[in-house]
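Novice: Quick one: structure below, then a few questions.
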Amino acid sequence: LTLRELLPLQAEVLARAARLVCLNGTLVYATCSLLEPENDAQVTGFLRAHPEFRLARPPDAFPGPIDHDGCMRLSPARHGCDGFFGAVMTRVG
């Protein structure tokens, strides 16, 4: 798939998974990508479309370093591994 084809599919998977999360439940969105459209843009778009969710700080046991915005980003240059992104969201309403 191209990125153009993949982005709406990722958004759909995230929206479908959200329907299964109970009140105060946790939804984790993760990709093996460094691309902003697949990561931050997906989370931002999801949160705009689903005001019942909030970005949450990952638990201490979350693997990897957490950035200032509460998301985890791993890169080959900084961490010596494949690119990876993770965001934790909680259903609050």
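The values are calculated or read from the model by the stated rules, or taken from the named source; none is laboratory data. Being a predicted model, the structure only gives us computed values, none of them experimental. Cβ placement follows ideal geometry from the backbone for every residue including glycine, while neighbour counts extend to all protein chains displayed. Each accessible area value is taken on the protein alone, full model and side chains, heavy atoms only, with ligands, DNA and RNA left out. Shrake-Rupley method; radii C 1.70, N 1.55, O 1.52, S 1.80 Å.
Novice: So how many Å³ per residue does the convex hull of the Cα atoms of the chain work out to?
Specialist: Cα-based convex hull of the chain, divided per residue, equals 99 Å³.
Novice: Kindly report the accessible area of the chain per residue (heavy atoms of protein chains, probe 1.4 Å, no ligands, DNA or RNA), in Å².
Specialist: Computed with neighbouring chains in place, this is 62 Å² per residue.
Novice: So, with a 1.4 angstrom probe, what is the percent of accessible area on the stretch 28-73 that is carbon and sulfur?
Specialist: 59 percent
Novice: Could you tell me which residue out of Phe53, Asn39, Ile66 lies farthest along the dipole of the chain toward its positive end? Charges go on the beta carbon: Lys and Arg +1, Asp and Glu -1, centred on the Cα centre.
Specialist: Of the listed residues, the answer is Phe53.
Novice: With +1 assigned to the C-beta of every Lys and Arg and -1 to the C-beta of every Asp and Glu, and no other charges, what is the dipole magnitude of the chain about the Cα centre in debye, to the nearest 20?
Specialist: 240 debye
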